[in-house]
1. With the condition kept exactly as written, say whether any residue in the stretch 86-97 is outside any helix (DSSP H, G or I) and out of contact with any helix residue (DSSP H, G or I) (no Cβ under 9 Å at 6 or more places or on another chain).
2. Quickly run through the stretch 61-85 and pick out the residues that are over 13 Å from the mean Cα position of the chain (by Cα), assigned to a strand (DSSP E or B) and under 22 Å from residue 47 (Cα atoms).
3. All but one of (1) outside any loop (DSSP other than H, G, I, E, B); (2) at pLDDT below 75 hold for residue 122; which doesn't?
4. What number goes with the only condition from (1) at pLDDT below 95; (2) surrounded by fewer than 17 Cβ atoms within 10 Å (Cβ to Cβ); (3) among the small types (Gly, Ala, Ser) that residue 29 does not pass?
5. Would the stretch 53-68 turn up any residue that is exposed (fewer than 13 other Cβ atoms within 10 Å of the Cβ) and closer than 25 Å to residue 183 by Cβ?
6. Examine the stretch 172-184 for a residue that is part of a loop (DSSP other than H, G, I, E, B), modelled with pLDDT under 85 and closer than 26 Å to residue 58 by Cα, and state whether such a residue exists.
7. Within the stretch 36-57, does at least one residue satisfy the condition of being in a strand (DSSP E or B), of a type outside the set (Phe, Trp, Tyr) and either more than 17 Å from residue 110 (Cα to Cα) or touching an Asp or Glu at 6+ places or on another chain (Cβ under 6 Å) (or both)?
8. Under 6 Å by Cβ, and 6 or more places apart or on different chains, what pairs join a residue from the stretch 55-66 that is under 16 Å from residue 119 (Cβ atoms) with one that is charged (D, E, K, R)?
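The values are calculated or read from the model by the stated rules, or taken from the named source; none is laboratory data. Every value quoted in this text rests on a predicted model; they were computed, and no experiment measured them. Quick reminder, even Gly has a Cβ in these numbers, built from the backbone with ideal geometry, and neighbours come from all protein chains shown. In case anyone asks, the SASA skips ligands and DNA or RNA and just uses the protein heavy atoms, side chains included. Shrake-Rupley method; radii C 1.70, N 1.55, O 1.52, S 1.80 Å.
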Amino acid sequence: MAARSTPRTPHPLSAAGPGHPVKRAVDLAGALLLLLALSPLLLGTAAAAAASGGPALRRSERLGLGGRTFTMLTFRTTRDGALTPAGRLLRRRCLDVLPQLVNVVRGEMSLVGPRPLAGPPGRSAAARARLSVRPGMTGLWQVGGRSELPWEEMGVLDLHYVEQHWLGLDLLILMRTVPAVIRGRRPAPAVRAVPVRVA
C-alpha cells in the first residue's frame, strides 16, 4: 500500500500567490517610503531628463499579472533614438527606473519580480508562469549579473523566482540590489567589425 504524501505546510512568510497580502503590503509601504525619501532625487532626475527637450517620462506598454497590459513608467534617456548625456548617466546609475515606484503603488508592479514583458509571452509553461506574479523593478537577474547575463539565463532566473519566491527571498534581493545599483550598469561592449575577405 502506497504511503500517502503529507501536504506541505506553507511557510508563514510565503509570498506565493499574486495577491498575497504580506507581499503587497511590503510593496506598497516600501514604494511609498522610497517615493518620499527620494523625492528630491526624483525631481532632479526629472529635470535632467527633460533638459534635452521633450517629456521627462517615457511610457511603454508591458504585460503584467495575468497578461493584462499596463503603462510602465521610466525616465526618458534617449532623443531621436540616441542616448542623451543625461540618459547615459541615468541608465548607468539605474535612476531611469525610479518612476516605476508609481507602478508599484498602483499595484501594476512589485518591488521584486520577473522582468516585465514587452511583447507576447509565448505558449510555453515558463512564459505562462511568469504572468502568474507581478513583474518587478528588480529581481534575481539584476542582482545575479544584470545585463551581462545571457538572455536564456535571465529567463531561467525569472522562472526560478516564480517557482520559489517568498518574502525572505524578496528581502534578500532588495538588500543585494543596493550594492548592484552602486556598482552601476556596465556599458555594453562594443562590437568589433570583422573584415570579410571576398574571394
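1. In the first step, residues of the stretch 86-97 are kept if they are outside any helix (DSSP H, G or I); the result is 93-94.
Keeping just the survivors that are out of contact with any helix residue (DSSP H, G or I) (no Cβ under 9 Å at 6 or more places or on another chain) gives none.
Taking every residue of the stretch 86-97 in turn, none turns out to be outside any helix (DSSP H, G or I) and out of contact with any helix residue (DSSP H, G or I) (no Cβ under 9 Å at 6 or more places or on another chain).
2. Just the residues of the stretch 61-85 that are over 13 Å from the mean Cα position of the chain (by Cα), to begin with: 61, 65-71, 75-85.
Next, from what is left, pick out any that are assigned to a strand (DSSP E or B): 61, 69-71, 75, 78-79, 82-83.
Within the stretch 61-85, 71, 75, 78, 79, 82, 83 qualify.
3. Condition not satisfied by residue 122: (1).
4. Just one mismatch for residue 29, condition (1).
5. No, the stretch 53-68 contains no residue that is exposed (fewer than 13 other Cβ atoms within 10 Å of the Cβ) and closer than 25 Å to residue 183 by Cβ.
6. Taking the stretch 172-184 first, the residues part of a loop (DSSP other than H, G, I, E, B) are 184.
Those still in the list that are modelled with pLDDT under 85 too: 184.
Filter once more, keeping what is closer than 26 Å to residue 58 by Cα: 184.
Yes, the stretch 172-184 has at least one match.
7. Restricting attention to the stretch 36-57, the residues satisfying the condition of being in a strand (DSSP E or B) are 57.
Filter once more, so that each one left must be of a type outside the set (Phe, Trp, Tyr): 57.
Pick out the ones that are also either more than 17 Å from residue 110 (Cα to Cα) or touching an Asp or Glu at 6+ places or on another chain (Cβ under 6 Å) (or both) and you get 57.
Yes, the stretch 36-57 has at least one match.
8. The qualifying pairs are 64/108.
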